[in-house]
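Here's the structure, in structure tokens; my notes come after.
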Amino acid sequence: MDNRQAIGSWLSGPRAAMEEAGAEFGYRGEQLGLPEDGPGSLARPGRRLGALAVDWALCVLIAYGLITDGYGQSTSNWALLLFFVLSVLTVGTVGFTPGKRLFGLRVVALESGRVQPVRALVRSALLCLAVPALIWDRDGRGLHDRLARTVEVRI
């Protein structure tokens with residue numbers, strides 16, 4: 001085997017190696033019954049991170065300007081609390097945060113399509129821990145979405 005081939009297979013990851021061996025994985029979201037593209041398809045990581053950045057910046061701005069009147073550790077703590085409250089209230093009622101709406105995303109429950117407040121509470125608490133959001137499954141859903149039985153889709 002040529003060294004370039006070995007490096008290329010290492011960089012492309014185990015999924016690409018399995019696909020070269022003949023395994024068929026399908027597209028992300030296929031197992032969940034979602035379309036491949038367009039409205040209702042699984043949200044891509046770039047949009048999700050962009051929406052998260054907008055929501056976090058909004059919470060930091062509110063904490064900085066209205067609560068702590070300066071930037072410090074307490075500002076970050078207040079921003080995290082505001083982010084939790086924002087996420088629970090907005091995802092549990094309308095299905096999206098301001099950042100998600102701006103990026104054209106919505107959180108839906110797999111069975112009913114509407115996120116119940118308890119699921120929004122579980123999802124938001126796990127999201128604030130950060131680690132569950134960094135562990136993804138084959139469909140690109142974070143552990144926080146899997147445990148809450150939700151999925152983030154494009155509008």
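Odds and ends about this structure:
- With every protein chain in place, the chain: carbon and sulfur % of accessible area (1.4 Å): 63
- Modelled this way, with points 7 Å down the Cα-to-C-beta line, the labels at Ala125 and Ala109 are 1.7 nm from one another.
- Computed from Cα positions, the angle between helix 45-62 and the longest principal axis of the chain comes to roughly 10 degrees.
- From helices alone, the chain scores -17000 deg cm²/dmol at 222 nm; the rule is -39500 (n - 2.57) for each run of n ≥ 4 DSSP H residues, then divide by the residue total.
- Dipole check for the chain: with +1 at the C-beta of Lys and Arg, -1 at the C-beta of Asp and Glu, and the Cα centre as origin, the magnitude is about 400 Debye.
- Choice from Asp55, Asp69, Asp37 showing the highest fluctuation, given a GNM over the chain with Cα pairs closer than 10 Å: Asp69
- The alpha-carbon atoms of the chain define a convex hull whose volume equals 136 cubic angstrom per residue.
- Note on the stretch 98-147: with charges restricted to the Cβ of Lys and Arg (+1) and Asp and Glu (-1), its dipole about the Cα centre is near 180 debye.
- Once exposed loop chymotrypsin sites (Phe, Trp or Tyr not before Pro) are cut out (DSSP; at most 14 other Cβ, 10 Å), longest piece of the chain: 72-155
- Point-to-point label distance, Trp136-Leu89, nm (Cα→Cβ direction, 7 Å offset): 3.1
The values are calculated or read from the model by the stated rules, or taken from the named source; none is laboratory data. All figures in this text were calculated on a predicted structure; none of them were measured in a lab. Glycine also receives a Cβ, built like all others from the backbone with ideal geometry; neighbour counts cover every protein chain displayed. Note: accessible area is taken over every heavy atom of the protein model, side chains too, but ligands, DNA and RNA are not part of it. Shrake-Rupley method; radii C 1.70, N 1.55, O 1.52, S 1.80 Å.
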